[in-house]
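Structure, as structure tokens:
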Amino acid sequence: MERLQKVIANSGYCSRRKAEEYIQNRKVYVNGELVTEMGMKVHYDDEIVVNGTLLNSKEDKEYYLLYKPEGVITSVKDEKGRQTVVNLVDTTARIYPVGRLDYNTTGLLLLTNDGELANILMHPSHQVEKLYLAKINGILTPQEFMRLKKGIVIDGRKVVPSYLKVKKENRESNTSSILIGITEGRNHIVKRIFEHFSYKVIHLKRETYAFLNLQGLKPGEYRRLSIKEIKKLYALK
Ligand code: URA
């Protein structure tokens, strides 16, 4: 169960603030009944009508796996008119990204208009693993590697990589590539992890998201998820 305004916003119909306005103005019906209180909790399967529009039913849901290229923003719209990940997908559905990748980060990004699934995937308790390949301007010392493996504290909260492996070391250019698994969703988390050891991330690519990978896709390309994959993502709950 989720708060009504959150479910409306997650459907992509409007912002949460706008949803609150609709509720206040008595423009929202749940399962045929007019909503008169703000804090109501609903299920994603409930029939919700906002200002005369029935919110997406399951049949209208769309699910995409995008290989995000560099130089694209992870949002629905950009005030400065820059390209967004949503622009890369040819659909009229109001899809949005599940979580975010930085402007210069490449790799696997899911987009959907299924707020329930997006919520499941982003909820910290579900610990969905994401594998990142990070190229850094240095080579971790064995001590740093062990410290990182055991977990470090960032902004007062511990982060323990679910996976950690050095893939490449180049002593000439003094760079290395590290595959690191993260199960949390804090912004810039991988960059902050390496900053903790005074390294800069030169390239960052998300290789996997749960059991999904980028196989068969080039940067900028995408595909729809299969029913089997969608069910498997739901099962992460
Ligand atoms: N961590 C980062 O630092 N950047 C991303 O884009 C994703 C994870």
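The values are calculated or read from the model by the stated rules, or taken from the named source; none is laboratory data. Predicted, not measured: the structure shown is a model, and the values here were computed from it. Ideal geometry is used to build each Cβ from the backbone, glycine not excepted, and the neighbour counts take in all protein chains shown. Surface accessibility is based on the protein's heavy atoms, side chains included, excluding ligands, DNA and RNA. Shrake-Rupley method; radii C 1.70, N 1.55, O 1.52, S 1.80 Å.
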Open item on the list: Step by step: first the residues of the range 18-46, then only those that are touching a Leu at 6+ places or on another chain (Cβ under 7 Å) and assigned to a loop (DSSP other than H, G, I, E, B), then the one that is most open to solvent (accessible area, probe 1.4 Å). Which residue is that?
Closed with: R26
TODO: Would you check if there is a residue in the range 61-70 being of a type in the set (K, R) and closer than 20 Å to E116 by Cβ?
DONE: yes
TODO: Determine if the range 174-187 includes at least one residue that is more than 30 Å from I230 (Cα to Cα) and touching a residue at least 60 places away in the same chain (Cβ under 8 Å).
DONE: no
Task: Subset of the range 127-147 [outside any strand (DSSP E or B), open to solvent by 20 Å² or more (accessible area, probe 1.4 Å) and under 22 Å from T105 (Cβ atoms)] - done: Q127, E129, N137, I139
- [ ] Residue by residue through the range 105-126, note down the ones that are of a type in the set (A, V, I, L, M, F, W, C) and not in a helix (DSSP H, G or I).
- [x] L108, L109, L110, L111
Open item on the list: With modelled with pLDDT under 90, among the aliphatic types (A, V, I, L, M) and open to solvent by less than 30 Å² (accessible area, probe 1.4 Å) as the only criterion, which of L55, L65 stands out?
Closed with: L55
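One residue is enough: does the range 132-150 have a residue meeting the conditions at pLDDT below 95 and within 16 Å of the ligand (Cβ to nearest atom)?
No, that holds for no residue.
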Task: the range 75-114, residues that are within 16 Å of the ligand (Cβ to nearest atom), without any contact (Cβ under 8 Å) to a residue 60 or more places away in the chain and small (G, A, S) - done: S75
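Select, from D90, D102, D78, the only residue that is of a type outside the set (S, T, Y), exposed (fewer than 12 other Cβ atoms within 10 Å of the Cβ) and in a loop (DSSP other than H, G, I, E, B).
Every option except D90 fails the conditions.
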Task: Sole exception among (1) of a type outside the set (F, W, Y); (2) within 24 Å of E21 (Cβ to Cβ); (3) surrounded by 14 or more Cβ atoms within 10 Å (Cβ to Cβ) for G107, by number - done: (2)
Task: Entirely in the range 148-237, the strands (runs of 3 or more DSSP E) that have 2 or more residues that are open to solvent by 50 Å² or more (accessible area, probe 1.4 Å) and over 21 Å from Y103 (Cβ atoms) - done: 157-159, 163-170, 222-224
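Does N170 satisfy the condition of being within 13 Å of the ligand (Cβ to nearest atom), among the polar types (S, T, N, Q) and outside the structural domain of H43 (by TED's automatic domain parsing)?
So N170 does not fit the description; no.
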Open item on the list: If I filter the range 174-193 for residues that are away from the ligand (no atom under 13 Å from the Cβ) and among the small types (G, A, S), do I get at least one hit?
Closed with: yes
Open item on the list: Quick test for you: out of I154, I202, I227, pick the one residue that is touching a strand residue (DSSP E or B) at 6+ places or on another chain (Cβ under 7 Å) and either within 23 Å of N137 (Cβ to Cβ) or not acidic (D, E) (or both).
Closed with: I202
